[in-house]
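See below for the structure under consideration.
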Amino acid sequence: MIDLKIIKLAKNTANYGLRKSGTHYASCKNKICGDKIKVEVLSNGSKIKTMRYETESCVFCQASASILSIMIKSMPVKNLEKEFKKIYNSFDKDSFSLPKKYNLFKPLINKKNKNRLECIMLPFNAILKA
């Protein structure tokens, strides 16, 4: 059964829906399960101002996109890949420890969700592609 915290995170659709007002766009598909995501990012070149998304995906991907769309604001563009690797690498450790600033991802990043890694990371891959 899916944790109610994950469902609650996925239900937050404050940044859901593309507005065609971004500076960068990308779409990605999870080859394993078929999840799809489209992202729209508004950036001034050095920092991300907003992220919007649309998905045809599972609740794990939806929750991840929702959290990411909140956390990514004001994140330096040059640090994105490095920061995303910290989250990805959290799945490789037995302790599943996250840097404190990523605590919102705690309901997603744990031992029982390890097999959903690709679903959870799909929004990150789309941002890097954009």
| field | Elements of type helices (runs of 4 or more DSSP H) contained in region 1-93, each with 1 or more residues being more than 15 Å from the chain's Cα centre (by Cα) | value | 4-11
| With C28, C33 as the choices, which residue is surrounded by 14 or more Cβ atoms within 10 Å (Cβ to Cβ), touching a strand residue (DSSP E or B) at 6+ places or on another chain (Cβ under 9 Å) and touching a residue at least 24 places away in the same chain (Cβ under 8 Å)? | C28
| request: Scan region 56-95 residue by residue and report those that are of a type in the set (S, T, Y) and open to solvent by 20 Å² or more (accessible area, probe 1.4 Å). | output: S57, S74, Y88, S95
| task | Answer with yes or no whether K20 is of a type outside the set (S, T, Y), open to solvent by 10 Å² or more (accessible area, probe 1.4 Å) and free of Cβ contacts under 8 Å to residues at least 40 places away in the same chain. | result | yes
| task | Tell me which residues, restricted to region 36-51, are in contact with a helix residue (DSSP H, G or I) (Cβ under 7 Å, 6 or more places away or on another chain) and crowded, with 20+ Cβ neighbours inside 10 Å. | result | I37, V39, V41, I48, M51
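The values are calculated or read from the model by the stated rules, or taken from the named source; none is laboratory data. What you are looking at is a predicted structure, and each value in this text was computed from that prediction instead of being measured. Please note: Cβ atoms are built from the backbone with ideal geometry, for glycine as well, and neighbour counts cover all protein chains shown. We work out accessible area using only protein heavy atoms, side chains counted, and drop any ligands, DNA or RNA first. Shrake-Rupley method; radii C 1.70, N 1.55, O 1.52, S 1.80 Å.
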